[in-house]
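Undergrad: Shown below is the structure under consideration.
The values are calculated or read from the model by the stated rules, or taken from the named source; none is laboratory data. Computed from a predicted model, the values in this text were never measured in an experiment. A quick note on method: Cβ atoms are made from the backbone with ideal geometry, for glycine too, and the neighbour counts reach across all protein chains shown.
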Amino acid sequence: MNISRTPNFAAMPKGMAKKLAAMVRTGRTSPALAERATEELVPFSALAARLRREGASSEQLDELGGKVAGIFRNIESKEPSPGSDS
């Protein structure tokens, strides 16, 4: 997949957006993978906010954090394909 535009991180919490932008800028991931991660991460931010409001246990929040960390690890471990926009 070739993306000619910068991924839109506006719907994400600042911390996640900054991390993804830095990963693209430093070449640790491609814009295409960052865009895919953005789509996967946005629902997690809303879920985390809801869990905190409802008084979720630390185990529930840790599990959610582990899933988010897994998404970041997944896009970092994938090598951008030749000819991709990186």
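Undergrad: So Ala48 passes all but one of these: (1) assigned to a loop (DSSP other than H, G, I, E, B); (2) modelled with pLDDT under 85. Which condition number does it fail?
TA: (1)
Undergrad: Residue pairs, Cβ under 6 Å, 6 or more apart or interchain, first in region 55-73 and within 26 Å of Ser30 (Cβ to Cβ) and in contact (Cβ under 8 Å) with a residue 24 or more places away in the chain, second surrounded by fewer than 12 Cβ atoms within 10 Å (Cβ to Cβ) and not aliphatic (A, V, I, L, M). List them.
TA: Every condition considered, no pair remains.
Undergrad: Another question, if that's okay. Return the residues of region 25-46 that are closer than 15 Å to Ile71 by Cα and free of Cβ contacts under 8 Å to residues at least 24 places away in the same chain; say none if nothing qualifies.
TA: Of everything in region 25-46, those that are closer than 15 Å to Ile71 by Cα and free of Cβ contacts under 8 Å to residues at least 24 places away in the same chain turn out to be Glu39, Pro43.
Undergrad: Can you name the residue in region 26-45 that is part of a helix (DSSP H, G or I) and of a type in the set (Gly, Ala, Ser) and is also surrounded by the fewest Cβ atoms within 10 Å (Cβ to Cβ) among such residues?
TA: Across region 26-45, the extreme among qualifying residues is Ser45.
Undergrad: Filtering region 1-39 down to residues that are of a type in the set (Ser, Thr, Tyr) and modelled with pLDDT under 85, which residue is nearest to Arg73 (Cα to Cα)?
TA: This residue is Thr6.
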